[in-house]
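Below: one structure, written as structure tokens.
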Amino acid sequence: MTKDKTIERKQERQKEKMIEQLKITPIIQVACSKCGIGRTSFYRWRKDDPKFAQATDRAIVEGLERLNDLAESKLISAIQNENVSAIRLWLQNRHPAYSPKLHITGKVGQEIELSEEDAKLLKQALLLAVPDEPKDDEEDE
């Protein structure tokens with residue numbers, strides 16, 4: 001077996017290990033450290049290998065979903081343990097009656113003074129845009 005093939009196989013194993021680690025820890029720096037892979041190598045592999053890039057993207061999404069599930073589970077446990085902060089967080093983000101409100105007040109409108117020249121141009125544009133009303137002569141025909 002040639003040296004190039006050995007290096008290639010080692011890289012493939014490292015790539016697979018990295019993909020699995022990203023499913024567990026979807027933070028590139030942390031996953032690289034746990035796998036003993038430099039971030040530079042990781043990003044070079046992503047650039048040179050579109051399949052690896054897609055696989056790592058999917059692994060990161062899967063890892064984030066897993067962490068979200070874990071966080072929700074811990075939040076629910078905290079709510080069950082009557083943790084007021086957890087209860088407040090849940091209600092503010094899950095129940096419309098407790099969500100933060102934004103009240104906006106003000107006056108909407110704009111007054112623009114047109115110059116005589118602009119007023120004439122506007123009038124001409126409106127005359128071109130709106131068809132003429134039929135004259136009395138045309139209605140009889």
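Residue by residue, here is whether (1) in contact with a Phe, Trp or Tyr (Cβ under 8 Å, 6 or more places away or on another chain); (2) not in a helix (DSSP H, G or I) holds:
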| site | (1), (2) |
| --- | --- |
| Glu12 | no, no |
| Trp45 | yes, no |
| Lys51 | no, no |
| Leu67 | no, no |
| Leu75 | yes, no |
| Asn93 | no, no |
| Val108 | no, yes |
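Limited to region 42-59, what total is found for residues that are surrounded by 15 or more Cβ atoms within 10 Å (Cβ to Cβ) and either within 16 Å of Gln21 (Cβ to Cβ) or in contact with a helix residue (DSSP H, G or I) (Cβ under 7 Å, 6 or more places away or on another chain) (or both)? Looking only at that region, the number is 7. Considering Ile112, Ile37, Ile104, Ile60, the condition of being within 30 Å of Arg13 (Cα to Cα), outside any helix (DSSP H, G or I) and either at pLDDT below 90 or not aromatic (Phe, Trp, Tyr) (or both) is satisfied by Ile37 alone. Scanning region 6-21 for residues that are surrounded by 15 or more Cβ atoms within 10 Å (Cβ to Cβ) and over 15 Å from Arg46 (Cα atoms) turns up just one, Gln21.
When region 60-77 is filtered for residues that are loosely packed, with under 13 Cβ neighbours inside 10 Å, under 15 Å from Leu91 (Cα atoms) and either touching a helix residue (DSSP H, G or I) at 6+ places or on another chain (Cβ under 6 Å) or charged (D, E, K, R) (or both), only Glu72 remains.
Run down Ile27, Ile76 and say which single residue is closer than 30 Å to Pro100 by Cα and of a type in the set (A, V, I, L, M).
Every option except Ile76 fails the conditions.
The values are calculated or read from the model by the stated rules, or taken from the named source; none is laboratory data. As the structure is a prediction and not an experimental result, all values here were calculated from the model. Note that each Cβ is placed from the backbone with ideal geometry, even for glycine, and that neighbours are counted across all protein chains shown.
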